[in-house]
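Laboratory data are not the source of any read-out in this text; all were calculated from the coordinates shown. All figures in this text were calculated on a predicted structure; none of them were measured in a lab. Neighbour counts are summed over all protein chains in view; Cβ atoms, including those assigned to glycine, are modelled from backbone coordinates with ideal geometry.
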Amino acid sequence: MLSIKNLHASVEDKEILKGINLEIKAGEVHAIMGPNGAGKSTLSSIIAGNENYEVSEGEIILEGEDISELAPEERAHKGVFLSFQYPVEIPGVSVTNFIKTAINESRKARGEEDMPANEMLKLIREKSELLEMDRKFLSRSLNEGFSGGEKKRNEIFQMAMLEPKLAILDETDSGLDIDALRIVANGVNKLKNEKNAVLVITHYQRLLDYIVPDFVHVLMDGKIVKSGDASLALELEEKGYDWIKNELV
Amino acid sequence: MELKEKLISSFMAFEEKIADVNNDLHDIRTSAIKNFENKGFPTKKEEAWKYTSLNAILKNDFSVFAKNENTVEFAEVKKYFLNDVDTYKVIFIDGKFSSYLSSTTHDGLDVCLMSSALTKPKYKMVIDEYFNKIANSDDSLTSLNTAFSHEGAYVNIPKSKVVEKPIEIIYFSTGSEAALMTQPRNLIVVGENSHVQIVERHQSLNNNPVLTNSVTEIFAKKRAIADYYKIQNDLQTANLIDNTYISQKQDSHVSVHTFSFGGNITRNNLNFYHQGEHIDSTLKGITIIGDKQHVDHYTLVQHATPNCESHQNYKTILDGNSTGVFNGKIFVEKEAQKTDAFQQNNNILLSDKATINAKPQLEIFADDVKCSHGCTIGQLDENAMFYMQQRGIGKKEAKALLMYAFTSEVTNSVKIPELRAKIARIIADKLGVNMGFDL
């Protein structure tokens, strides 16, 4: 599904990623953990195509195609979805209108017709129920005045609507109370299947109790320094990141 | 001959031609032309015109009257009307009334012509009481308009009348003159407890230069509600100086929305005067321009009485070499305690060569008031762009969606749904996108 090879990236001449290698297959859940400032959010932004970062070396291959030169919307059309750590408020555009536009822009890019209105409504109803979202919520301006939990739930709602091949969840657990965390994780688990993959970026192990990863990678100072299975996350929770630092020395 | 001299020397001929013999009017016009003669066209040396120069446009050899009666086919101009809703229409072609395109009334209210109102005895009382009563007789361009005041829309609504149909006032220029200057004059009187919605538009039909110097006086009596919408989406050869004066009595609500998308140089002088308590005034505008376009909003709210509110919200998006000006003056007199005056002006610059001059001006002489103003100048939010692109929305559409969002506070307060849809379409068109939904 996704293959990242020797990825180096910088922002304003400061190198943040220093040779990342990562292999994610369809049907897998990967988690990237690491201390603050390790480059976790940078990695997710770069996979999604944020133009503020400069990729100086390496490749990002999605289903056999190098996407590292593509615009963010082109990557989205190919099935990359990033759930933002800080979703942006867009006053004046409702949740419904935004997701309609997003879906139809993707369909247009793939040479398909707009989704028929009744089909769209049905899908919106189905997916908003999955995320236990109030109907009134859908007519509100996108993210405007939303609580932290509502913003994250809305991100996963959009993910459910867009059905991406690769979903990157960037610190989705931050700002979530335990009920919202359960709803969001449940949503992600229901959407998970053999054909897609999930990359969870998180500082804490908490979310991984609900979305259980097949692989856990530790990112430190721009490099993946250790990989393992779900038990690695528990070990990190217990021992902290210094344990790895010491081990590396 | 320079335009100023041409106008002054045409004045006598003009009065003879229209022959609405009325000594009061003659006196008003004569003193107005004298004031214009003394002051001339404003220059950048005047503080109020610091950012807007008329020099370049005044070099055109404008005709001051259209020589011929011109007609246009409805099909040609249909798109400029609100077609999805029934309206009264007062339509002018090259400054002259077009009965063919109009739909006036005297049935329970008067929606008709200034030229009739100025001459027919039955309107004399209203004209004596309201005509030229709040228009600033000191202002040179207003004086110029007053001197040549003859044609325009006359709307008089008796008390306790909710006017169901919006009123459209449209001035078309056919371009039959190589260059044409017109002086439209509107008078709107809204009776006690009455409610009216008015849409005004100036539209050139070809690329011959036009200079419109318009004056509108609006009187809102006690508890009256008036919603006035100005659509400025003219060709880039058209210039507009709009002078609007509003007088409000106690408990009245007046809103003016100005949508400036077209034109070469547009200057909006919008003045609100309060005469009574619990008055509510709303001034909102959206400006989206590019190329070398220039739009100048010069607003004044004169809070003279206690317990009144004013709300201003102007959004500007500038591209290319365009220039925007926002000069918002709020004057709170000593007696105007408990005033609540709010002013907001947000500007987005899409190009390095676009300029905005924003100048909030608050002069407060009362000590128990709430006045706030905020002014921002920025670019489109890059994070928001990335967010939308990440969801599959292309750069151009994402940009348009953000601009829609930026202007939505203003579009959402348009109370005529058909007009709101029309403005959304004009904005989408202006941004070169089809958003697939209306705001």
So how compact is chain B: Cα radius of gyration and Dmax in angstrom? 21.2, 70
³J(HN,Hα), Karplus 6.51/-1.76/1.60, whole Hz, each residue of region B:164-181, x for Gly, Pro: 5, 8, x, 10, 9, 10, 10, 10, 9, 10, 8, x, 5, 9, 4, 8, 9, 10
Stokes-Einstein D for region A:12-133, Kirkwood Rh over Cα pairs, 25 °C, 0.890 mPa s (µm²/s): 144
Given H placed 1.01 Å from N in the peptide plane, which residues other than close sequence neighbours of residue B:150 have an amide H under 5 Å from its amide H? B:185
Using a 7 Å offset from the Cα along the Cα-to-Cβ direction at both residue A:234 and residue A:65, what is the distance between the two label points in nm, to one decimal? 4.1
Rounded to the nearest 5, what % of the DSSP beta bridges within chain B are antiparallel ones? 5
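Taking 56 Å as R0, compute the FRET efficiency from the Cβ-Cβ separation of residue B:106 and residue B:396 and round it to 0.05.
FRET efficiency, residue B:106 to residue B:396: 0.65.
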Give a quick list of trypsin sites (Lys or Arg not before Pro) in region B:235-316 that DSSP marks as loop, anything other than H, G, I, E or B, with at most 15 other Cβ atoms within 10 Å. B:292
Using the number of other C-beta atoms within 10 angstrom as an exposure proxy, rank B:163, A:184, B:126 with the fewest first. B:126, B:163, A:184
Write out the GluC sites (Glu not before Pro) in region B:141-242 meeting two conditions: DSSP loop, and at most 12 other Cβ atoms within 10 Å of their Cβ. B:164
First check a/c for region B:93-198, with a ≥ b ≥ c the square roots of the eigenvalues of its C-alpha gyration tensor; if it is under 1.5, answer rounded, and if not, answer prolate when a/b is larger than b/c or oblate otherwise. oblate
Per-pair calculated FRET efficiency, R0 = 22 Å: residue B:383 and residue A:14 via Cβ, rounded to 0.05: 0.70
Which one, B:147, B:405, B:19, has the greatest fluctuation when you compute a Gaussian network model over chain B with C-alpha springs under 10 angstrom? B:19
State the antiparallel share, in %, of DSSP beta bridges confined to region A:2-248, rounding to the nearest 5. 55
Which residues make up the longest stretch of chain A that has no GluC sites (Glu not before Pro) in a DSSP loop with at most 11 other Cβ atoms within 10 Å? A:114-193
Taking each pair of different alpha-carbon atoms in region B:317-392 once, compute 1/r for the pair, average those values, and report the inverse of that mean as the Kirkwood hydrodynamic radius in Å to one decimal. 14.8
Residues with amide H under 5 Å of residue A:57's amide H, sequence separation 5 or more or different chain, H placed in the peptide plane at 1.01 Å from N; which? A:8
222 nm mean residue ellipticity, helices alone, for chain B (DSSP H n ≥ 4; -39,500 (n - 2.57); rounded to 500): -7000 deg cm²/dmol
Pairs of alpha-carbon atoms within less than 8 angstrom and 6+ residues apart define the contacts here; what relative contact order does region B:91-171 have, in percent? 45
Bounding extents of region B:396-439 in its principal axis frame from Cα atoms, largest first in Å, are 29, 16, 15
Could you tell me the relative contact order of region B:26-140? Use alpha-carbon pairs under 8 Å, at least six residues apart, and round to a whole percent. 22
Using only DSSP helix segments of four residues or longer, with each worth -39500 (n - 2.57), what per-residue ellipticity at 222 nm results for chain A after dividing by its residue count and rounding to 500? -11000 deg cm²/dmol
Would you list the P(r) distribution for region A:2-248, with all Cα-Cα distances sorted into 10 Å bins from 0 and each bin expressed as a whole %? 7, 31, 36, 21, 5, 0
Kyte-Doolittle at least -1.0, axis length at least 20 Å by Cα - qualifying DSSP helices, chain B: B:3-18, B:395-411
For the protein assembly as shown, restrict the atom set to alpha-carbon positions and state the Rg and Dmax in Å. 30.9, 103
Looking at region B:356-439, which GluC sites (Glu not before Pro) are in a loop (DSSP not H, G, I, E or B) and have at most 12 other Cβ atoms within 10 Å? none
